[in-house]
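Following: one structure in C-alpha cells, then a few remarks.
The values are calculated or read from the model by the stated rules, or taken from the named source; none is laboratory data. Here the structure is a predicted model, which means the values were calculated and not measured. Neighbour counts are summed over all protein chains in view; Cβ atoms, including those assigned to glycine, are modelled from backbone coordinates with ideal geometry.
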Amino acid sequence: MVDDVAAWPTTDDRWHHYHEQTEHGPALTRTENFLPYHEGLRNLLTAGTLVDAVGQLFGEPARVFKEKINYKLPGGAGFAPHQDARAYAYGSHHITCLVAIDANHVDNGCLWFAPAQHRRGLLDTDDTGCLPREVAASLTWRPATMAPGGVAFFSSFAPHKSDANDSPQARRSLYVTYSPGSEGDLRRAYYSDRAKTMSEHEPGDGAPPRISTIGHFQGRDVSS
C-alpha cells in the first residue's frame, strides 16, 4: 500500500508529496494527507487494532488527526531534535503510531527518543520550532530499532530525532497521529491550516526544504 502511494503523481490539492536532493539524485521524502484517497490504508488506520490500541492509551476512543509516510530512501536526510506538539495547533494531546515498513536501525536513520521526557510537557524551542542545541545535548537519547511490521506509540510531547540514512536500504515508516475522540474531528482543520502555512513559507537561500510547519527536516532542496 505504501508503494501505491509513492507511485501517485504530485498534486497541489489532494495528497502532498515532498522531495529532497540526495547524493543519488532527487528522492521522495514524505507523503501527507493520503487517507481520503487510499481505501486500504484508510481501513487499516481508522478502524480495528491500531485505533483501538490508541484508544486504550487515551482512555477514550481515538480519531485520526494526521498521517504521513516518511520514506528516508538511501541518502535521505535526518530530522533535528523536536517535539511534534510544536507543529500541532489543534488539540490538547496527540499519540502517534509508527509502523515500520522496512527495518529501522541506526545505519538507516531510525528514530531516537529521550525516554520519559514527555512528562515535562513542552520544552524550550529555537526559532525553527526545534529543541535548542543545549537542550538536546542535556537529554539522554536511545535508538528505537524496529523490525519490519513493528509498531511503536509515542506522545506528541516526546522529544525525538533521527539521523540521515547512510545505508543502501530504504527506511520507510508510516506515522499516523491520533487525537482524543472527545475533542472532535480536528483533521480537516489541521490540514487546511497546514496548507496555508506551507504556502506562505519561502525557504531562504540554501535553507532545507520545509516539509512541515516546523523546520526540523535537515534535507536539501531538489533545486540545490
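All of K66, K72 fail the test of being buried (at least 19 other Cβ atoms within 10 Å of the Cβ) and at positive phi, apart from K72.
Listed here are the strands (runs of 3 or more DSSP E) enclosed by region 137-187 that have at least 2 residues being surrounded by fewer than 14 Cβ atoms within 10 Å (Cβ to Cβ), free of Cβ contacts under 8 Å to residues at least 40 places away in the same chain and out of contact with any Asp or Glu (no Cβ under 6 Å at 6 or more places or on another chain), and there are none. Checked against the criterion of being modelled with pLDDT under 90, in a helix (DSSP H, G or I) and not acidic (D, E), the candidates S199, S224 yield just one match: S199. Restricting attention to region 103-124, the residues that are more than 18 Å from the chain's Cα centre (by Cα) and surrounded by 16 or more Cβ atoms within 10 Å (Cβ to Cβ) add up to 2. Evaluated against (1) under 29 Å from D163 (Cβ atoms); (2) in a strand (DSSP E or B), K72 falls short on exactly one condition, (2). Given the structure, is R142 touching a Gly at 6+ places or on another chain (Cβ under 7 Å), under 25 Å from A103 (Cβ atoms) and of a type in the set (K, R)? Spelling it out, it is not the case that R142 is touching a Gly at 6+ places or on another chain (Cβ under 7 Å), under 25 Å from A103 (Cβ atoms) and of a type in the set (K, R).
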